[in-house]
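Heads up: the structure comes next, in structure tokens.
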Amino acid sequence: MIKNLIAYFSRSLRPANPSSVNFEVNSNCNLDCVMCARAEYRDGRTIWDLAQFKKAFNPIAPSHVAIHGYSEPLLNKNLPQLISYAEDNKSKTTITTNLILLKSIDQALEIVDSGLKLLKISIDGNSEDVYAQVRGVKKLAVVKENINIVEKAKRIRNSNLPLIRLSYTVTHYNYHELEDFISYVSNETEQGVVFFQMLLFSDTHLKENKWPIVQKEVFYKAIVAAKNMADKKKIKTNLDRVVKYFDIYWSAYAVGEKLQSKRICLKPWFSTFIASNGDVMPCDLLGLGG
């Protein structure tokens, strides 16, 4: 009965246009991460200009815009224009980037001046060797320096925006560096928010095609230790949830089973993913090979 009521009201309350749209404004990337199959489905040549962005944006005019996809948004030199256009039209903007391609303080100032609300930075390790295992290159020092450059640009403009969220994908490569990463965030950055993404093997395309060689108890202990350190250092994370639902995450992680959940996903009612080639899908998780 309750599920039927939820379904009924979800249909009746569905907006004419999605309130959140993810625009993949280019199809190329500077990395070849171990868990990403982007290269199999993207030609690496598509780059949207402002006119193309307007054509996709204007009929929808969503309240929230994510300008990224299975690509690196900083490879699109039109990015500040696209962000500014969305912001000028009352859309709150977000991008996700590995931040390797930030070249100067001037480029960082352009990002701050664009009006960007949230900058998500992917950083999957706290040592060059571990970072390279996941991301394929030893560029961790570059990423950390570029975080400092963005923080400097915000200080120059006396701006609290964009908010910065560091994103760490937890795998068998890097779980043992979680505490070190929390320590880095606390001691060497001005950031206080970290999102830890549990890698679900059923949703990935690991190039080496093998399951992790790590004991469940060891993995769990590392996550709990990181949670305790984050609490002590007053770093906001989602590790409370990871610990609470660890058994479910582990089942998907270690065995490769799909998550079994009775929750109703409402995302398709409110969001849309528009791929660089123009394909439209209800969810960014369907953005590859759909």
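The values are calculated or read from the model by the stated rules, or taken from the named source; none is laboratory data. Quick caveat, the model's predicted, so the values are computed rather than measured. Neighbour counts run over all protein chains shown; Cβ positions are idealised from the backbone, glycine included. Surface areas here come from the heavy atoms of the whole protein model, side chains and all, with no ligands, DNA or RNA. Shrake-Rupley method; radii C 1.70, N 1.55, O 1.52, S 1.80 Å.
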Can you name every residue in the range 31-58 that is part of a loop (DSSP other than H, G, I, E, B), open to solvent by 30 Å² or more (accessible area, probe 1.4 Å) and under 20 Å from residue 171 (Cβ atoms)?
32, 35, 36
Tell me the residue from 70, 85, 41, 8 that is aromatic (Phe, Trp, Tyr) and at pLDDT 95 or above, please.
85
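This table checks each residue for (1) in contact with a helix residue (DSSP H, G or I) (Cβ under 8 Å, 6 or more places away or on another chain); (2) farther than 30 Å from residue 55 by Cα; (3) polar (S, T, N, Q).
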residue: 81; (1), (2), (3): yes, no, yes
residue: 85; (1), (2), (3): yes, no, no
residue: 95; (1), (2), (3): yes, no, no
residue: 104; (1), (2), (3): yes, yes, yes
residue: 124; (1), (2), (3): yes, yes, no
residue: 130; (1), (2), (3): yes, yes, no
residue: 139; (1), (2), (3): yes, yes, no
residue: 144; (1), (2), (3): yes, yes, no
residue: 155; (1), (2), (3): no, yes, no
For residues in the range 245-259 being more than 22 Å from the chain's Cα centre (by Cα) and open to solvent by 90 Å² or more (accessible area, probe 1.4 Å), which is modelled with the lowest pLDDT?
257
So, of the residues in the range 131-142 that are β-branched (Val, Ile, Thr) and open to solvent by 10 Å² or more (accessible area, probe 1.4 Å), which turns out to be nearest to residue 184 (Cα to Cα)?
142
Tell me, please, whether a residue that is in a helix (DSSP H, G or I), at pLDDT 75 or above, β-branched (Val, Ile, Thr) and surrounded by 14 or more Cβ atoms within 10 Å (Cβ to Cβ) can be found in the range 227-241.
no
Is it true that some residue in the range 143-152 is closer than 30 Å to residue 218 by Cβ, open to solvent by 10 Å² or more (accessible area, probe 1.4 Å) and either touching a His at 6+ places or on another chain (Cβ under 7 Å) or of a type in the set (Asp, Glu) (or both)?
no
Condition check for residue 135: at pLDDT below 95 and basic (Lys, Arg):
yes
From the list 195, 181, exactly one residue is aromatic (Phe, Trp, Tyr), modelled with pLDDT of 90 or more and assigned to a strand (DSSP E or B). Which is it?
195
Is it true that residue 210 is more than 30 Å from residue 28 (Cβ to Cβ), out of contact with any strand residue (DSSP E or B) (no Cβ under 8 Å at 6 or more places or on another chain) and modelled with pLDDT under 95?
no
Single condition residue 164 does not satisfy, out of (1) outside any strand (DSSP E or B); (2) over 27 Å from residue 219 (Cβ atoms)
(1)
Those residues of the range 91-120 that are modelled with pLDDT of 95 or more and open to solvent by 30 Å² or more (accessible area, probe 1.4 Å) come to a total of 12
